[in-house]
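The values are calculated or read from the model by the stated rules, or taken from the named source; none is laboratory data. From a predicted model like this one, the values you see are computed outputs, not experimental measurements. Methodologically, a virtual Cβ is constructed for each residue, glycine included, from the backbone with ideal geometry; neighbour enumeration extends over all protein chains shown. Only protein heavy atoms, including side chains, enter the accessible area calculation; ligands, DNA and RNA are left aside. Shrake-Rupley method; radii C 1.70, N 1.55, O 1.52, S 1.80 Å.
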Amino acid sequence: MTMLQTDFQSLIQKAIDSKTKPVGSLGRIEALAAQLARIQNTLMPVAASCGLTLFAGDHGMALAGVSAYPQAVTRQMVMNFLGGGAAANVFARTLGVDVEVVDCGVAGEPINAPSLLSRRLGAGTANAIERPAMTAVELDKALANGRAIGGDSDHDTACFGEMGIGNTSSASLVAAKILGYPVADLVGRGTGLADDGLKRKQALLEAAAGRTPDSLPADHALMEYGGFEIATMTGAMTAAAGAGRVVLVDGFIATVAALCARELSPGCAANFVYAHRSAEAGHARVLEALAAKPLLDLDMRLGEGTGALLAWPLVQAAAAMLRDMASFESAGVSGPA
């Protein structure tokens with residue numbers, strides 16, 4: 001941290017401590033307000049608008065049985081998003097958040113819908129249990145697509161969500177390789193696998209992990225095991241942060257995308273607000289590796305950006321506290337002795 005940054009941090013803390021409250025009494029909201037001030041480089045941060053972008057893509061490994069749901073559900077859920085019927089849509093409408101849906105590579109023929117943004121790289125990735133999920137060219141295109149989407153928004157806060165049957169398996173493998181962890185430490189039930197299904201998933205992912213060295217850089221991990229939607233989200237996160245926006249990071253899969261983004265573009269990490277701790281097994285391990293402390297812990301494991309959406313009112317409250325709350329001096333209230 002430079003001297004100027006240190007001086008500004010002192011100004012932020014002084015502004016927060018001078019509000020009409022005991023020092024530290026708003027807990028994590030104070031830390032969040034300070035982060036917003038640093039991101040926007042102002043003592044008057046704004047959280048006026050938020051947009052949710054949902055990235056959808058299919059995974060070749062889903063056909064091997066790593067999920068409790070058939071691959072066709074990805075496409076069906078895209079139509080549900082477009083029709084406004086998913087949990088993400090309901091939460092977004094309730095909170096006044098705009099929703100955009102992106103086809104990054106859903107299996108089958110291209111979806112013809114006026115409100116769908118098509119950034120297809122194919123009809124899903126290859127089966128990463130047996131071979132690389134995507135080529136280097138496909139990865140570069142996915143990252144570029146994401147950067148274009150993440151950098152083009154009028155919202156001051158960005159939420160990113162995903163849909164793709166098999167993508168908890170993909171995320172587990174990507175995180176395991178970047179962090180050098182055994183994949184078994186990161187594998188969970190995903191969409192709700194029973195015990196026998198979980199054992200099958202663990203065996204399949206162990207086989208997939210055995211194809212490559214124990215540790216890989218983020219770009220190689222994405223190429224070997226990632227999904228088109230995860231790679232596109234990674235690019236979007238880097239660009240949104242680079243444009244000075246707050247990035248609300250959702251659950252396990254979004255946090256793995258954030259892990260990749262931090263590896264590929266380290267400066268973006270300062271703009272990431274970790275929304276919630278997912279009930280998915282690997283999420284706690286990845287958060288711990290990132291030294292990230294999420295705002296919420298609601299036993300959620302849906303994805304779709306739902307946890308990020310629920311954290312949006314906390315971002316608004318934190319910005320308003322620092323921007324609008326009276327100080328002891330302005331309110332004529334006596335401070336501590």
Note to self: Rounded to two decimals, what is the ratio between the C-alpha radius of gyration of the chain and 2.2 N^0.38 Å?
What the structure shows: 1.02
Item checked: Per principal axis, descending, Cα span of segment 39-146 in whole Å -> 52, 32, 27
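What per residue convex hull volume, in Å³, comes out for segment 125-231 when only alpha-carbon positions are used? Numbers along the way, then the final one.
On the way: hull volume 11.3 nm³, N = 107.
Dividing the Cα hull volume of segment 125-231 by its residue count gives 106 Å³.
Please give the contour-minus-distance gain from N41 to T135: 0.36 nm per residue of separation, less the Cα-Cα distance, rounded to one decimal in nm. Don't skip to the end; give the middle numbers.
On the way: separation 94, 0.36 × 94 = 33.84 nm, distance 3.91 nm.
Length gained, N41 through T135: 29.9 nm.
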Check: If you place +1 on the Cβ of every Lys and Arg and -1 on the Cβ of every Asp and Glu, how big does the dipole about the Cα centre of the chain come out, in debye to the nearest 20?
Finding: 280
Notebook entry, point to check: For labels at E288 and A31 in the simple 7 Å Cα→Cβ model, what's the distance in nm?
Noted result: 1.7
Item checked: GNM top mover of P132, P45, P22 - the chain, alpha-carbon springs below 10 Å -> P22
Next item on the list: Just grab the label-to-label distance for D297 and D214, each label 7 Å out from Cα along the Cβ direction, in nm (one decimal).
Entry: 3.0
Notebook entry, point to check: Taking Rh as the Kirkwood radius computed over C-alpha pairs, what is the Stokes-Einstein D of segment 240-337 at 37 °C in a medium of viscosity 0.692 mPa s, expressed in µm² per second?
Noted result: 221
Checklist line | Rg over Rh [alpha-carbon atoms, Kirkwood Rh] for segment 240-294 | finding: 0.94
Item checked: L310 - accessible surface, heavy atoms, 1.4 Å probe, Å² rounded to 10 -> 60
Item checked: Inter-site label distance for T2 and V90 at 7 Å from Cα along Cβ, in nm -> 4.8
Next item on the list: Would you mind giving the average projected area, over all directions, of the Cα convex hull of segment 174-220 in nm² with one decimal?
Entry: 3.3
Notebook entry, point to check: What's the FRET efficiency of A317 with T20 using the Cβ-Cβ distance as r and R₀ = 22 Å, to the nearest 0.05?
Noted result: 0.90
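Count the net charge of all other residues whose Cβ sits under 14 Å from the Cβ of R120, scoring Lys and Arg as +1 and Asp and Glu as -1. Can you show the working numbers first?
Numbers: positive: R75, R119, K141; negative: D58, D103, E109, E138, E229.
With Lys, Arg at +1 and Asp, Glu at -1, the net is -2.
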Next item on the list: Calculate what fraction, in whole %, of the accessible area of the chain sits on carbon and sulfur atoms when a 1.4 Å probe is rolled over the protein chains.
Entry: 54
Next item on the list: May I ask you to compute the full-extension gain from D196 to A72, defined as 0.36 nm times their residue separation minus their alpha-carbon distance, rounded to one decimal in nm?
Entry: 42.4 nm
Check: Just the accessible area per residue of segment 50-319, please: how many Å² with a 1.4 Å probe?
Finding: 36
Notebook entry, point to check: Given a Förster radius of 56 Å and the C-beta distance between A337 and D154 as r, what FRET efficiency does 1/(1 + (r/R0)^6) yield to the nearest 0.05?
Noted result: 0.75
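Can you sort D154, D103, D196 by solvent-accessible area, 1.4 Å probe, largest first?
On the way: D154 155, D103 0, D196 105 Å².
Correct descending sequence by accessible area is D154, D196, D103.
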